[in-house]
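The structure appears below as C-alpha coordinates.
The values are calculated or read from the model by the stated rules, or taken from the named source; none is laboratory data. Because the structure is predicted, anything quoted here is derived from the model rather than measured. We place every Cβ from the backbone using ideal geometry, glycine too, and count neighbours over all the protein chains shown. The protein model used for the area step is the full one, side chains on, heavy atoms only, and it has no ligands, DNA or RNA in it. Shrake-Rupley method; radii C 1.70, N 1.55, O 1.52, S 1.80 Å.
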Amino acid sequence: MSELNKIALKIISNGKGILATDESTGTMTKRLESVQVPSTSENRLSFRETLFSSSSMKNCIGGVILYDETIKQVSKSKKNIPELIAETGAVPGIKVDTGAKVLSNSINEKITEGLDGLRERLKEYYKLGARFTKWRAVYIISEKYPSKLSIHSNAHALARYAALVQESGMVPIVEPEVLMDGNHNAEACFKKTSEVIKKCFEELFFHKVELNGTILKPNMILPGTNSGQKIDNKEIAEMTIKCLKESVPPEVPGIAFLSGGQSERDATKNLNLINIHNNTNFIMTYSYGRALQQSALKFWSKNIKDVENTQKIFNHRANMNSLAAQGKWTEEIDKV
Ligand code: 13P
(Lines give C-alpha, C1' and ligand atoms only; values in the text may rest on other atoms or scores of the structure.)
Protein backbone atom coordinates (compact mmCIF):
# COMPACT_ATOMS: atom_id res chain seq x y z
CA MET A 1 0.00 0.00 0.00
CA SER A 2 1.48 3.37 -0.95
CA GLU A 3 1.92 6.13 1.62
CA LEU A 4 -0.61 8.33 -0.22
CA ASN A 5 -3.16 5.54 -0.35
CA LYS A 6 -2.72 5.06 3.43
CA ILE A 7 -3.39 8.75 4.08
CA ALA A 8 -6.46 8.72 1.79
CA LEU A 9 -7.90 5.68 3.57
CA LYS A 10 -7.20 7.17 7.00
CA ILE A 11 -9.29 10.21 6.05
CA ILE A 12 -12.36 8.40 4.68
CA SER A 13 -12.57 4.94 6.30
CA ASN A 14 -14.66 3.62 9.19
CA GLY A 15 -17.60 5.98 8.83
CA LYS A 16 -15.36 9.04 8.91
CA GLY A 17 -15.66 11.99 6.58
CA ILE A 18 -14.19 15.43 6.03
CA LEU A 19 -15.02 18.70 7.74
CA ALA A 20 -14.59 21.46 5.16
CA THR A 21 -13.75 24.69 7.01
CA ASP A 22 -11.72 26.17 4.18
CA GLU A 23 -13.98 29.11 3.41
CA SER A 24 -11.85 31.98 2.16
CA THR A 25 -11.92 35.11 4.31
CA GLY A 26 -14.40 36.64 1.84
CA THR A 27 -16.80 33.69 2.04
CA MET A 28 -16.42 33.36 5.82
CA THR A 29 -17.16 37.07 6.16
CA LYS A 30 -20.43 36.56 4.25
CA ARG A 31 -21.33 33.59 6.48
CA LEU A 32 -20.57 35.49 9.69
CA GLU A 33 -22.26 38.70 8.61
CA SER A 34 -25.38 36.73 7.65
CA VAL A 35 -25.67 35.87 11.37
CA GLN A 36 -24.61 39.37 12.54
CA VAL A 37 -21.14 38.43 13.80
CA PRO A 38 -18.24 40.74 12.87
CA SER A 39 -15.72 38.89 10.70
CA THR A 40 -12.51 39.39 12.68
CA SER A 41 -9.70 36.87 12.52
CA GLU A 42 -10.36 36.19 16.21
CA ASN A 43 -14.04 35.35 15.58
CA ARG A 44 -13.20 33.22 12.54
CA LEU A 45 -10.79 31.20 14.66
CA SER A 46 -13.06 31.05 17.68
CA PHE A 47 -15.90 29.36 15.77
CA ARG A 48 -13.58 26.99 13.97
CA GLU A 49 -11.68 26.07 17.12
CA THR A 50 -14.98 25.27 18.81
CA LEU A 51 -15.61 22.68 16.07
CA PHE A 52 -12.06 21.28 16.12
CA SER A 53 -12.23 20.64 19.86
CA SER A 54 -15.61 18.84 19.72
CA SER A 55 -15.85 15.25 20.92
CA SER A 56 -17.22 13.96 17.58
CA MET A 57 -13.91 14.77 15.89
CA LYS A 58 -12.48 11.49 17.18
CA ASN A 59 -14.98 9.10 15.58
CA CYS A 60 -16.59 11.10 12.78
CA ILE A 61 -13.98 13.37 11.24
CA GLY A 62 -11.05 11.83 9.34
CA GLY A 63 -9.81 15.08 7.82
CA VAL A 64 -10.26 18.84 8.18
CA ILE A 65 -9.75 21.22 5.28
CA LEU A 66 -8.28 24.50 6.47
CA TYR A 67 -7.81 27.89 4.87
CA ASP A 68 -4.40 29.60 4.69
CA GLU A 69 -5.29 31.93 7.59
CA THR A 70 -6.38 29.10 9.92
CA ILE A 71 -3.47 26.71 9.34
CA LYS A 72 -1.15 29.43 10.68
CA GLN A 73 -3.23 30.30 13.74
CA VAL A 74 -2.70 29.22 17.35
CA SER A 75 -5.49 27.86 19.58
CA LYS A 76 -6.54 29.17 23.00
CA SER A 77 -4.61 26.24 24.50
CA LYS A 78 -1.51 27.57 22.64
CA LYS A 79 -1.40 24.74 20.11
CA ASN A 80 -0.90 25.21 16.42
CA ILE A 81 -4.20 24.46 14.67
CA PRO A 82 -2.85 21.49 12.65
CA GLU A 83 -1.51 20.02 15.91
CA LEU A 84 -4.89 20.46 17.61
CA ILE A 85 -6.56 18.63 14.72
CA ALA A 86 -3.97 15.84 14.51
CA GLU A 87 -4.44 15.14 18.24
CA THR A 88 -8.07 14.19 17.58
CA GLY A 89 -6.88 11.58 15.07
CA ALA A 90 -7.99 13.63 12.04
CA VAL A 91 -5.62 14.56 9.23
CA PRO A 92 -5.05 18.30 8.69
CA GLY A 93 -5.65 19.46 5.11
CA ILE A 94 -5.44 22.73 3.23
CA LYS A 95 -7.23 24.45 0.36
CA VAL A 96 -4.55 25.48 -2.12
CA ASP A 97 -6.41 27.01 -5.04
CA THR A 98 -6.65 30.79 -5.05
CA GLY A 99 -10.22 30.96 -6.28
CA ALA A 100 -12.34 30.79 -9.42
CA LYS A 101 -11.86 33.72 -11.84
CA VAL A 102 -13.63 34.72 -15.06
CA LEU A 103 -12.67 32.36 -17.91
CA SER A 104 -11.35 34.34 -20.82
CA ASN A 105 -13.40 33.77 -24.01
CA SER A 106 -16.31 32.31 -22.02
CA ILE A 107 -17.00 35.08 -19.56
CA ASN A 108 -20.00 33.47 -17.84
CA GLU A 109 -17.78 30.63 -16.71
CA LYS A 110 -14.92 30.30 -14.26
CA ILE A 111 -11.41 28.90 -14.25
CA THR A 112 -9.74 28.10 -10.95
CA GLU A 113 -6.35 29.70 -10.40
CA GLY A 114 -3.42 28.98 -8.09
CA LEU A 115 -0.81 26.98 -10.00
CA ASP A 116 1.86 29.70 -10.00
CA GLY A 117 4.17 29.20 -7.02
CA LEU A 118 2.16 26.18 -5.90
CA ARG A 119 5.18 23.88 -5.44
CA GLU A 120 6.68 26.32 -2.91
CA ARG A 121 3.40 26.86 -1.07
CA LEU A 122 2.93 23.09 -0.80
CA LYS A 123 6.33 22.76 0.88
CA GLU A 124 5.29 25.34 3.45
CA TYR A 125 1.92 23.65 4.13
CA TYR A 126 3.60 20.26 4.52
CA LYS A 127 5.93 21.76 7.13
CA LEU A 128 2.91 23.21 8.92
CA GLY A 129 1.43 19.69 9.17
CA ALA A 130 -0.92 19.37 6.19
CA ARG A 131 -1.10 15.92 4.60
CA PHE A 132 -3.87 16.50 2.09
CA THR A 133 -5.10 19.38 -0.03
CA LYS A 134 -8.14 20.62 -1.94
CA TRP A 135 -8.67 22.39 -5.27
CA ARG A 136 -12.18 23.25 -6.43
CA ALA A 137 -13.29 23.81 -10.02
CA VAL A 138 -16.82 25.13 -10.64
CA TYR A 139 -19.10 24.57 -13.60
CA ILE A 140 -22.52 26.01 -14.42
CA ILE A 141 -25.25 24.12 -16.24
CA SER A 142 -27.41 25.49 -19.02
CA GLU A 143 -28.02 24.34 -22.57
CA LYS A 144 -24.60 25.53 -23.71
CA TYR A 145 -22.68 25.24 -20.44
CA PRO A 146 -20.38 23.93 -19.22
CA SER A 147 -18.49 24.68 -22.42
CA LYS A 148 -15.80 22.38 -23.77
CA LEU A 149 -13.35 25.17 -22.92
CA SER A 150 -14.32 25.21 -19.25
CA ILE A 151 -14.40 21.41 -18.99
CA HIS A 152 -11.00 21.11 -20.63
CA SER A 153 -9.17 23.97 -18.92
CA ASN A 154 -10.41 23.16 -15.41
CA ALA A 155 -9.57 19.46 -15.82
CA HIS A 156 -6.08 20.41 -16.96
CA ALA A 157 -5.56 22.67 -13.93
CA LEU A 158 -6.90 20.00 -11.55
CA ALA A 159 -4.47 17.47 -12.98
CA ARG A 160 -1.45 19.80 -12.76
CA TYR A 161 -2.45 20.60 -9.17
CA ALA A 162 -2.86 16.92 -8.24
CA ALA A 163 0.52 15.96 -9.70
CA LEU A 164 2.30 18.71 -7.73
CA VAL A 165 0.51 17.76 -4.52
CA GLN A 166 1.51 14.11 -4.79
CA GLU A 167 5.09 15.16 -5.55
CA SER A 168 5.05 17.00 -2.21
CA GLY A 169 3.84 13.88 -0.32
CA MET A 170 0.22 14.90 0.16
CA VAL A 171 -3.13 13.53 -1.05
CA PRO A 172 -5.01 15.76 -3.51
CA ILE A 173 -8.76 16.12 -3.23
CA VAL A 174 -9.98 16.73 -6.74
CA GLU A 175 -13.19 18.74 -6.62
CA PRO A 176 -15.06 19.37 -9.86
CA GLU A 177 -18.30 20.98 -8.63
CA VAL A 178 -21.21 21.18 -11.05
CA LEU A 179 -23.39 23.80 -9.38
CA MET A 180 -27.00 23.26 -8.34
CA ASP A 181 -28.12 26.71 -9.57
CA GLY A 182 -30.34 26.72 -12.63
CA ASN A 183 -33.53 25.24 -14.05
CA HIS A 184 -32.02 22.07 -15.50
CA ASN A 185 -33.38 18.67 -14.50
CA ALA A 186 -31.50 15.83 -12.79
CA GLU A 187 -30.93 14.09 -16.13
CA ALA A 188 -29.02 17.14 -17.39
CA CYS A 189 -26.99 17.20 -14.16
CA PHE A 190 -26.19 13.52 -14.70
CA LYS A 191 -25.06 14.09 -18.28
CA LYS A 192 -22.92 17.17 -17.58
CA THR A 193 -21.42 15.81 -14.35
CA SER A 194 -20.42 12.60 -16.15
CA GLU A 195 -18.74 14.59 -18.90
CA VAL A 196 -16.87 16.79 -16.39
CA ILE A 197 -15.65 13.88 -14.25
CA LYS A 198 -14.56 11.76 -17.23
CA LYS A 199 -12.49 14.65 -18.56
CA CYS A 200 -10.87 15.16 -15.15
CA PHE A 201 -9.74 11.55 -15.00
CA GLU A 202 -8.51 11.67 -18.58
CA GLU A 203 -6.23 14.57 -17.57
CA LEU A 204 -5.21 12.99 -14.23
CA PHE A 205 -4.17 9.88 -16.13
CA PHE A 206 -2.26 11.93 -18.69
CA HIS A 207 -0.40 13.74 -15.88
CA LYS A 208 0.49 10.38 -14.28
CA VAL A 209 -1.38 11.09 -11.06
CA GLU A 210 -1.48 8.07 -8.72
CA LEU A 211 -5.21 7.43 -8.58
CA ASN A 212 -5.15 5.32 -5.42
CA GLY A 213 -3.66 8.31 -3.59
CA THR A 214 -6.46 10.66 -4.70
CA ILE A 215 -9.93 11.46 -3.32
CA LEU A 216 -12.70 12.70 -5.60
CA LYS A 217 -15.04 15.36 -4.21
CA PRO A 218 -18.03 15.61 -6.55
CA ASN A 219 -21.56 16.99 -6.37
CA MET A 220 -24.50 14.62 -6.07
CA ILE A 221 -26.85 14.32 -9.06
CA LEU A 222 -29.64 16.80 -8.28
CA PRO A 223 -32.21 18.82 -10.22
CA GLY A 224 -31.40 22.54 -10.55
CA THR A 225 -32.68 24.67 -7.67
CA ASN A 226 -35.13 26.49 -10.00
CA SER A 227 -36.23 23.47 -12.02
CA GLY A 228 -39.31 22.65 -9.95
CA GLN A 229 -38.57 18.98 -10.65
CA LYS A 230 -39.80 16.65 -7.92
CA ILE A 231 -37.52 13.68 -7.49
CA ASP A 232 -37.26 11.30 -4.59
CA ASN A 233 -34.09 10.83 -2.60
CA LYS A 234 -33.69 7.22 -3.70
CA GLU A 235 -33.59 8.31 -7.32
CA ILE A 236 -30.96 10.94 -6.49
CA ALA A 237 -28.87 8.24 -4.82
CA GLU A 238 -29.22 5.81 -7.71
CA MET A 239 -28.38 8.40 -10.37
CA THR A 240 -25.37 9.57 -8.33
CA ILE A 241 -24.02 6.03 -7.97
CA LYS A 242 -24.58 5.27 -11.68
CA CYS A 243 -22.76 8.45 -12.72
CA LEU A 244 -19.75 7.69 -10.52
CA LYS A 245 -19.63 4.00 -11.44
CA GLU A 246 -19.42 4.94 -15.11
CA SER A 247 -16.99 7.85 -14.78
CA VAL A 248 -14.53 7.12 -11.95
CA PRO A 249 -11.67 4.62 -12.42
CA PRO A 250 -11.78 1.75 -9.88
CA GLU A 251 -8.31 2.62 -8.49
CA VAL A 252 -9.76 5.68 -6.72
CA PRO A 253 -10.26 4.63 -3.07
CA GLY A 254 -13.05 6.97 -2.19
CA ILE A 255 -15.50 9.67 -2.96
CA ALA A 256 -16.32 12.45 -0.49
CA PHE A 257 -19.33 14.51 -1.56
CA LEU A 258 -19.71 18.26 -1.17
CA SER A 259 -23.08 19.43 0.16
CA GLY A 260 -23.39 22.27 -2.34
CA GLY A 261 -26.28 24.15 -0.75
CA GLN A 262 -28.49 21.17 0.17
CA SER A 263 -30.12 21.38 3.60
CA GLU A 264 -28.29 19.58 6.38
CA ARG A 265 -30.98 16.91 6.49
CA ASP A 266 -31.05 16.31 2.72
CA ALA A 267 -27.27 16.06 2.53
CA THR A 268 -27.36 13.38 5.25
CA LYS A 269 -30.36 11.52 3.85
CA ASN A 270 -28.95 11.39 0.32
CA LEU A 271 -25.55 10.17 1.54
CA ASN A 272 -27.28 7.46 3.57
CA LEU A 273 -29.24 6.23 0.54
CA ILE A 274 -26.09 6.33 -1.59
CA ASN A 275 -24.45 4.00 0.92
CA ILE A 276 -27.47 1.70 1.16
CA HIS A 277 -27.50 1.27 -2.63
CA ASN A 278 -23.76 1.51 -3.25
CA ASN A 279 -22.87 -1.29 -5.68
CA THR A 280 -19.31 -0.06 -6.29
CA ASN A 281 -16.08 -0.59 -4.36
CA PHE A 282 -15.70 3.12 -3.65
CA ILE A 283 -15.99 4.37 -0.08
CA MET A 284 -18.73 7.02 -0.23
CA THR A 285 -18.57 9.67 2.47
CA TYR A 286 -18.95 13.38 3.17
CA SER A 287 -16.75 16.41 2.79
CA TYR A 288 -19.30 18.93 3.93
CA GLY A 289 -18.93 22.61 4.70
CA ARG A 290 -22.37 24.14 5.16
CA ALA A 291 -24.15 20.83 5.88
CA LEU A 292 -21.91 20.25 8.91
CA GLN A 293 -21.66 23.81 10.18
CA GLN A 294 -24.91 25.66 9.47
CA SER A 295 -26.91 24.90 12.64
CA ALA A 296 -23.86 25.18 14.88
CA LEU A 297 -22.98 28.57 13.36
CA LYS A 298 -26.53 29.85 13.81
CA PHE A 299 -26.56 28.88 17.49
CA TRP A 300 -23.02 30.11 18.14
CA SER A 301 -23.74 33.51 16.57
CA LYS A 302 -26.24 34.21 19.36
CA ASN A 303 -24.24 32.45 22.10
CA ILE A 304 -20.60 33.10 21.30
CA LYS A 305 -19.41 32.03 24.74
CA ASP A 306 -21.46 28.82 24.84
CA VAL A 307 -18.87 26.37 23.56
CA GLU A 308 -20.57 23.33 25.06
CA ASN A 309 -23.95 23.73 23.35
CA THR A 310 -22.40 24.80 20.05
CA GLN A 311 -20.37 21.59 20.14
CA LYS A 312 -23.48 19.56 20.98
CA ILE A 313 -25.13 20.77 17.79
CA PHE A 314 -22.04 20.10 15.70
CA ASN A 315 -21.57 16.66 17.31
CA HIS A 316 -25.10 15.71 16.39
CA ARG A 317 -24.62 16.61 12.70
CA ALA A 318 -21.22 14.89 12.58
CA ASN A 319 -22.70 11.74 14.13
CA MET A 320 -25.64 11.74 11.71
CA ASN A 321 -23.32 12.03 8.73
CA SER A 322 -21.05 9.32 10.08
CA LEU A 323 -24.07 7.00 10.31
CA ALA A 324 -25.06 8.01 6.77
CA ALA A 325 -21.55 7.18 5.55
CA GLN A 326 -22.29 3.63 6.77
CA GLY A 327 -25.89 3.49 5.51
CA LYS A 328 -27.11 3.36 9.12
CA TRP A 329 -28.91 6.71 9.45
CA THR A 330 -32.66 6.96 10.06
CA GLU A 331 -35.10 9.90 10.31
CA GLU A 332 -35.90 8.75 13.86
CA ILE A 333 -32.30 8.97 15.10
CA ASP A 334 -31.99 12.44 13.57
CA LYS A 335 -34.83 13.87 15.63
CA VAL A 336 -33.44 16.43 18.05
P1 13P B 1 -20.26 22.73 0.97
O2 13P B 1 -20.43 21.36 1.58
O3 13P B 1 -20.83 23.84 1.78
O4 13P B 1 -20.71 22.74 -0.48
O5 13P B 1 -18.72 23.03 0.95
C6 13P B 1 -17.85 22.04 0.61
C7 13P B 1 -16.67 22.62 -0.05
O8 13P B 1 -15.56 22.44 0.40
C9 13P B 1 -16.86 23.42 -1.25
O10 13P B 1 -15.66 23.62 -1.88
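If we scan region 312-322, do we find a residue that is of a type outside the set (A, V, I, L, M) and in contact with a strand residue (DSSP E or B) (Cβ under 6 Å, 6 or more places away or on another chain)?
The initial filter retains those residues of region 312-322 that are of a type outside the set (A, V, I, L, M), namely 312, 314-317, 319, 321-322.
The next check asks that each one be in contact with a strand residue (DSSP E or B) (Cβ under 6 Å, 6 or more places away or on another chain); those that pass are 321.
Taking every residue of region 312-322 in turn, at least one turns out to be of a type outside the set (A, V, I, L, M) and in contact with a strand residue (DSSP E or B) (Cβ under 6 Å, 6 or more places away or on another chain).
Considering only region 237-254, state which residues are in contact with a Lys or Arg (Cβ under 9 Å, 6 or more places away or on another chain) and either polar (S, T, N, Q) or within 16 Å of the ligand (Cβ to nearest atom) (or both).
Selection gives S247 alone.
Looking at region 298-327, which of its residues are within 27 Å of V174 (Cα to Cα) and either part of a helix (DSSP H, G or I) or over 17 Å from the mean Cα position of the chain (by Cα) (or both)? Steps first, please.
Going through region 298-327, the residues within 27 Å of V174 (Cα to Cα) turn out to be 314-315, 317-327.
Passing the criteria: F314, N315, R317, A318, N319, M320, N321, S322, L323, A324, Q326, G327.
Which members of region 218-250 meet the condition of being outside any loop (DSSP other than H, G, I, E, B), within 17 Å of F201 (Cβ to Cβ) and either open to solvent by 80 Å² or more (accessible area, probe 1.4 Å) or at pLDDT below 95 (or both)?
Those that are outside any loop (DSSP other than H, G, I, E, B), within 17 Å of F201 (Cβ to Cβ) and either open to solvent by 80 Å² or more (accessible area, probe 1.4 Å) or at pLDDT below 95 (or both): K242, K245, E246.
Only one of F282, F257 is away from the ligand (no atom under 16 Å from the Cβ) and either in contact with a strand residue (DSSP E or B) (Cβ under 7 Å, 6 or more places away or on another chain) or open to solvent by less than 60 Å² (accessible area, probe 1.4 Å) (or both); which? Full working, then the answer.
On the way: F257 fails: away from the ligand (no atom under 16 Å from the Cβ).
Matching residue, one of F282, F257: F282.
Among (1) more than 16 Å from the ligand (Cβ to nearest atom); (2) under 14 Å from the mean Cα position of the chain (by Cα), which single condition is Q229 missing?
Every listed condition holds for Q229 apart from (2).
If we keep just the residues of region 1-24 that are among the charged types (D, E, K, R) and touching a residue at least 40 places away in the same chain (Cβ under 8 Å), which is surrounded by the most Cβ atoms within 10 Å (Cβ to Cβ)?
To start, the set of residues in region 1-24 that are among the charged types (D, E, K, R) comprises 3, 6, 10, 16, 22-23.
If we keep only those that are touching a residue at least 40 places away in the same chain (Cβ under 8 Å) as well, we get 3, 10, 16, 22-23.
Working: E3: 11, K10: 18, K16: 28, D22: 25, E23: 22.
Within region 1-24, the match that is surrounded by the most Cβ atoms within 10 Å (Cβ to Cβ) is K16.
Being within 16 Å of the ligand (Cβ to nearest atom) and open to solvent by 20 Å² or more (accessible area, probe 1.4 Å), is that true of even one residue in region 298-313? Break it down into steps so the answer makes sense when it comes.
First pass over region 298-313, keeping only residues within 16 Å of the ligand (Cβ to nearest atom): 298.
Now narrow it down to the ones that are open to solvent by 20 Å² or more (accessible area, probe 1.4 Å): 298.
Yes, because at least one residue in region 298-313 is within 16 Å of the ligand (Cβ to nearest atom) and open to solvent by 20 Å² or more (accessible area, probe 1.4 Å).
From the residues in region 163-192 that are part of a loop (DSSP other than H, G, I, E, B) and out of contact with any strand residue (DSSP E or B) (no Cβ under 7 Å at 6 or more places or on another chain), which one is nearest to the ligand (Cβ to nearest atom)?
The initial filter retains those residues of region 163-192 that are part of a loop (DSSP other than H, G, I, E, B), namely 168-170, 179-185.
Applying the additional criterion that residues be out of contact with any strand residue (DSSP E or B) (no Cβ under 7 Å at 6 or more places or on another chain) yields 168-169, 180-185.
Values: S168: 21, G169: 22, M180: 9, D181: 12, G182: 16, N183: 20, H184: 18, N185: 21 Å.
By that ranking, first place goes to M180.
So, of the residues in region 71-103 that are part of a helix (DSSP H, G or I) and of a type in the set (A, V, I, L, M), which turns out to be most open to solvent (accessible area, probe 1.4 Å)? Before the answer, list the steps.
Of the residues in region 71-103, the ones part of a helix (DSSP H, G or I) are 71, 81-87.
Then drop every residue that is not of a type in the set (A, V, I, L, M), which leaves 71, 81, 84-86.
On the way: I71: 3, I81: 0, L84: 20, I85: 0, A86: 53 Å².
Here the answer is A86.
Run E33 past the list (1) closer than 28 Å to N303 by Cβ; (2) among the acidic types (D, E); (3) within 16 Å of the ligand (Cβ to nearest atom); (4) open to solvent by 60 Å² or more (accessible area, probe 1.4 Å) and report the number of the one that doesn't hold.
Status for E33: all satisfied but (3).
For region 104-129, enumerate the residues that are surrounded by 14 or more Cβ atoms within 10 Å (Cβ to Cβ) and part of a loop (DSSP other than H, G, I, E, B).
G114, L115, G129
Tell me, which residue of region 116-162 that is within 16 Å of the ligand (Cβ to nearest atom) and among the basic types (K, R) is nearest to P82 (Cα to Cα)?
The residue in question is K134.
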